[in-house]
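The values are calculated or read from the model by the stated rules, or taken from the named source; none is laboratory data. All values reported here derive from a predicted model rather than from experimental measurement. Neighbour counts run over all protein chains shown; Cβ positions are idealised from the backbone, glycine included. Areas reflect the complete protein model, heavy atoms only, side chains present, ligands, DNA and RNA absent. Shrake-Rupley method; radii C 1.70, N 1.55, O 1.52, S 1.80 Å.
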Amino acid sequence: MQRKLLSLFLLFALPATAQTIALRAGHLINPATGAVAKDQVILVENGKITSIGTGSAIPKEALVVDLSNEWVMPGLIDAHTHLTLSEIPGKAPFEAFYLKEGTGLRSLRGLHNAQIILQAGFTTVRDVGNEANYACVDLKTALKEGWFDGPSIQCAGKIIGPFGGQSIRIPPEQGEYWKWEYIDADNPDEIRRGIHENIYYGADVIKLVADNSAFHYSENDIRVAVEEAHASGRPVAVHVYGGAAADNVIRGGADSLEHGFELTDDQLRLMKEKGTFLVGTDFPAAHLAGLSPSNDVLANADVLGKKIIDRLGRAHRIGVKMAFGSDTVTEMPGRTRADMMLDYLAIWRAAGVPPADILKA
């Protein structure tokens, strides 16, 4: 595994200089088709791949990287990340870090995590909110300017949800401090305004929370969000676990459903029919145990861990489009964020997903 990931990193994380780079790849994997081509030459000019093939002529001035004994593939993608977020360990509530960390520190944590995961082969991530006052957007800007090495990042900005964001019963005297990371939107007009605000501040994707409380977005609410976001070329990702809220998310036309731990076979079949992606955030049980649960869904790691494997296997058998997403926001001693993201591969294998389909996701 280490040799494969090293090859991947060399292919997509070499410095973007004017020098031509030629990579000799012994085995080149195409995850879209599952095909493996042997003895390929990959030419990179000005940071861009210009040709791939067995007959590619290598310019005399090119820097040659010999990976003839390695397996090479495109960079890994994590479609559900929170690079700037790390939960406070113990029983501290989710909101506790608002009192400890400003946007500047959150941006620096994002840079730290971005560089770690790039070195492990993750070259693209979708950061789906919980980034304070647009810390992810600042990080993305710094990376695009070439100030630091890091993956390509799509940012969601502030998460849009019904009143209260993802907080539970904050005392009125404390004020609406969840707005540090959320936008309250309780009707179609407020949803539109939240989308406009996020796009103004640099969001690439729109993230909604559909079922964090007793009330949830209607099918029309989701449809309005999708129409508004799509008009500006942004996809819509929606946090939802299952039930009637998930029906509304799927029927409303969301591009991706995040988590979906409680999805039924009928809902999965509807997702397949409508082309909705499942970004399942398929937590290993050991990771779940480190989370600070704010609701009953995350409270029992062993039960939820088994449910996740079952749901993932059913989604694959039904043929739902799936994208890998980790949602890693905790820390484990002696392990990096990238180590924890790669732990999820074991869950996909346990669910019976073949290696070629895991790579495609």
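Looking only at Glu227, Glu173, Glu258, which one moves most when the chain is put into a Gaussian network model with springs between Cα atoms under 10 Å? Of Glu227, Glu173, Glu258, the Gaussian network model singles out Glu173 as fluctuating most.
Summing Cβ point charges (Lys, Arg +1; Asp, Glu -1) relative to the Cα centre of the chain gives a dipole of roughly 1040 debye. Under 26 Å between alpha carbons, and skipping anything fewer than 8 positions from Lys48 in its own chain: which lysines qualify? Those lysines meeting the cut-off are Lys4, Lys38, Lys60, Lys140, Lys144, Lys360. The accessible surface of the chain, taken with every protein chain in place and a 1.4 Å probe, is 53 percent carbon and sulfur. In the chain, taking the dipole from charged Cβ atoms about the Cα centre, the farthest positive-side position among Ala120, Ala35, Asn46 is held by Ala35. Taking a ≥ b ≥ c as the square roots of the eigenvalues of the Cα gyration tensor of segment 104-206, is the shape rounded (a/c under 1.5), prolate (a/b larger than b/c) or oblate? Cα axes put segment 104-206 in the prolate bin.
Note on surface exposure: Trp348, Trp147 rank Trp147, Trp348 by accessible area, highest first, 1.4 Å probe.
Largest to smallest in accessible area, the residues Arg251, Arg223, Arg234, Arg317 fall in the order Arg317, Arg251, Arg223, Arg234 (1.4 Å probe, all protein chains included).
Within the assembled protein chains, the solvent-accessible surface assigned to Thr276 is about 0 Å², based on a 1.4 Å probe. On a per residue basis, segment 169-266 carries 44 Å² of accessible surface, using protein heavy atoms and a 1.4 Å probe.
The smallest convex shape that holds all Cα atoms of segment 40-198, its convex hull, gives 157 Å³ per residue. When nucleic acids and ligands are ignored and a 1.4 Å probe is applied, Glu228 ends up with an accessible area of around 50 Å². Phi angles across segment 157-162 convert, under the Karplus curve 6.51 cos²θ - 1.76 cosθ + 1.60 with θ = phi - 60°, into 3J(HN,Hα) values of x, 7, 6, 9, x, x Hz, Gly and Pro given as x. Of interest is the spacing of the C-alpha centroids, which for segment 224-252 and segment 136-170 amounts to 19 Å. Given a 1.4 Å probe and the protein chains as shown, Val65 ends up with an accessible area of around 30 Å². Shown here: segment 242-361, whose C-alpha atoms stretch 43, 34, 22 Å along the first, second and third principal axes, sorted largest to smallest.
Remark on the chain: hydrodynamic radius 21.4 angstrom, per the Kirkwood mean of 1/r across alpha carbon pairs. Close amide-amide hydrogen proximity is noted between Leu63 and Thr20, Ile21, Ala22, each under 5 Å apart and 5 or more residues distant or on a separate chain (H modeled in the peptide plane; Pro and chain starts excluded). Calculated on C-alpha atoms, the gyration radius of segment 33-82 divided by its Kirkwood radius gives an Rg/Rh of 1.03. Shape verdict for segment 149-285, please, from the Cα gyration tensor: rounded (a/c under 1.5), prolate (a/b greater than b/c) or oblate. Taking the square roots of the gyration eigenvalues as a ≥ b ≥ c, segment 149-285 is rounded.
A Förster radius of 30 Å combined with the Cβ-Cβ distance from Ser68 to Ala142 puts the calculated FRET efficiency at roughly 0.25. With Cα atoms defining each centre, segment 314-361 and segment 98-115 are spaced 25 Å apart in the structure.
Distant-in-sequence amide contacts of Met322, defined by a placed amide H-H separation under 5 Å and a gap of 5 or more residues or a different chain, comprise Leu278. Annotation: amide H-H contacts under 5 Å for Asn133 (H modelled 1.01 Å from N, sequence separation of 5 or more, or interchain): Thr103.
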